[in-house]
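Chemist: Once you've had a glance at the structure underneath, I'll fire off some questions.
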Amino acid sequence: MKPAARTLAAIDLLDRLDEPDNIPVDKLLADWGRQNRFAGSKDRSAIATKVYGVLRRRAQLDWWLQRAGGDISNRSRLLVWYKFRRDMPMERIEENFDGTNYAPEKLTEREKRVLIELDGQQLMHGCQPIAAKGNIPDWLEEKMTKLYGNKVIEHLAAFNQEAPVDLRVNTLKSSRSAAIKALEAEEIIVDPTRLSPIGLRLEKRQPLSGTKSFRDGLVEVQDEGSQLAALLADTKPGHKVVDFCCGAGGKSLAMAAEMENKGRIIACDVSEARLKRATQRFKRAGVFTVETRTLSSERDKWIKRRAGKLDGGFNRVLVDAPCSGSGTWRRNPDQKWRTTEQDLEELSKLQASILDSSARLVSPGGRLIYVTCSIFEEENEAQVEHFLKENSSFFLHPIAKIWGEKFPSPCPTDADTLRLNPLDHGTDGFFVAVMERKL
Ligand SMILES: C[S@@+](CC[C@H](N)C(=O)[O-])C[C@H]1O[C@@H](n2cnc3c(N)ncnc32)[C@H](O)[C@@H]1O
């Protein structure tokens, strides 16, 4: 594809992301690649760089557009993003807007004036408000400042970096050192992760799905934060466990390995498609203690039936709740432009309802582990506080206690719950609370 065709494709994709059906950017790009087979891997990668580039810098690009008198559109955003790249002199920008077939219209006089206004400027400007400097929507500025205080800009910058690729070693099939060697033999260089004792971090982004190590189930792709959340469930061989919102099974896989394939995990979700993907992953990993269950909702009749059983409930119920995904902005920068205050309110209600229902499955002395990949208080601490107020038979089990028993690294928090973030921990944003039912 010529440069202008790539530019047009990127603008079209950015416009598509503004539509209300919430297709995540990674899926949109993958679908586009499948539907446009004429595009080679270099084309796809160049288009993705432009799309992510604009999504990660959107608030700053809009700030400059307003200041320089441009209109706010994805075409203008990409144009200004080009302008701030050192490798894009005016001739190259014009080449990307050449007005031919399969290319964006030629630059207007107004657009050219905007570009002249930006001559000699840097994307970051001292007069930008926090929301612009940190590339978040205005309504999130107060929330993020409350969370991160005077380090808010640094935190937002960390949320704007590309996330590393982390792997979890499947201890049913390998040790960390053996997995490092097996990957090295396939020219994949990894380093041990800092916090998770079973994690590896790729030195550089590389396709993994074709490698023997991956196909043989020695490793699974899983963010280090997600690994820690699963490990903090502290499952033991022989336990009975429910993974209440199991999705494609990431945490079930980690728990099954911790349980040495002994015991039973019931992996539930309302999405059949995700459960199907989970089943394939269990097979590859050699996990045979997991059975899947499709729920109609968090109030599914199965829960009522199980909760009423006399044979004691489950030792562990892990709730990896549906959430805003604000902890994963490094991977999904589109998400922050889509989440609204109303979404947060609706999600909070759903989370409370899921917690309330799933708690009924926990046996006396058993634990309810509440996890989100969100950084927002209303989805995290506030949920736990509300739950404990309504459920006096549960108490908070301090994270530091479990951490000290399981991990060689020092516990990153002295609070009773754990909140991870990219700047301090190098992981996605995650929240974990462990609540125990009194005997
Ligand atoms: C954060 S994702 C889970 C990710 C998964 N645990 C993992 O580690 O890969 C949340 C999941 O909750 C599921 N979900 C949404 N509403 C639900 C409900 N009412 N009851 C149970 N699961 C629900 C979604 O389908 C989604 O798979």
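Quick note: the coordinates plus some simple rules give every number you see, no bench work behind them. For clarity, every value in this text was computed on a predicted model and none was experimentally measured. Cβ sites come from the backbone with ideal geometry, for glycine too, and all protein chains shown count toward neighbours.
Chemist: Where in the chain lies the longest segment free of chymotrypsin sites (Phe, Trp or Tyr not before Pro) that are both loop residues by DSSP (not H, G, I, E, B) and have at most 14 other Cβ atoms within 10 Å?
Modeler: Value returned for the longest uninterrupted segment is 103-287.
Chemist: Could you give the radius of gyration (one decimal) and Dmax (whole number) of the Cα atoms in the chain, in Å?
Modeler: Just the Cα atoms of the chain yield Rg and Dmax of 23.6, 77 Å.
Chemist: Add -39500 (n - 2.57) for each DSSP H run of 4 or more in the chain, then divide by its residues: what number comes out at 222 nm, to the nearest 500 deg cm²/dmol?
Modeler: -13000 deg cm²/dmol
Chemist: Describe numerically, in nm with one decimal, the distance between label points set 7 Å from Cα along Cα→Cβ at Arg264 and at Lys283.
Modeler: Here the modelled spin labels are 2.4 nm apart.
Chemist: Right, something else. P(r) tail for region 166-221, what percent of Cα pairs lie past 12 Å?
Modeler: 58 percent
Chemist: If r is the Cβ-Cβ distance from Ala273 to Lys236 and R0 is 25 Å, what FRET efficiency results, to the nearest 0.05?
Modeler: It comes out at approximately 0.20.
Chemist: Right, something else. With unit charges on the beta carbons (Lys and Arg positive, Asp and Glu negative) and the dipole taken about the Cα centre of the chain, which residue among Leu107, Phe430, Leu200 sits farthest to the positive side?
Modeler: Going by the charge dipole, the pick is Leu200.
Chemist: Starting from region 71-155, pick out the GluC sites (Glu not before Pro) whose DSSP state is loop and whose Cβ has at most 14 other Cβ atoms within 10 Å.
Modeler: Glu105
Chemist: Moving on to the next point. With a point put 7 Å past each Cα toward its Cβ, work out how far Met90 is from Arg215 in nm, to one decimal.
Modeler: My value for the distance between the label points is 5.4 nm.
Chemist: Between Thr413 and Lys389, 0.36 nm times their residue separation minus their Cα-Cα distance comes to what?
Modeler: Computed gain between Thr413 and Lys389 is 6.3 nm.
Chemist: Could you tell me the distance between the Cα centroids of region 140-161 and region 46-114, to the nearest Å?
Modeler: Comparing the Cα centres of region 140-161 and region 46-114, I get a distance of 27 Å.
Chemist: How far apart, in nanometres, would the label points at Leu396 and Asn150 be if each is projected 7 angstrom from Cα along the Cα-to-Cβ direction?
Modeler: 2.7 nm
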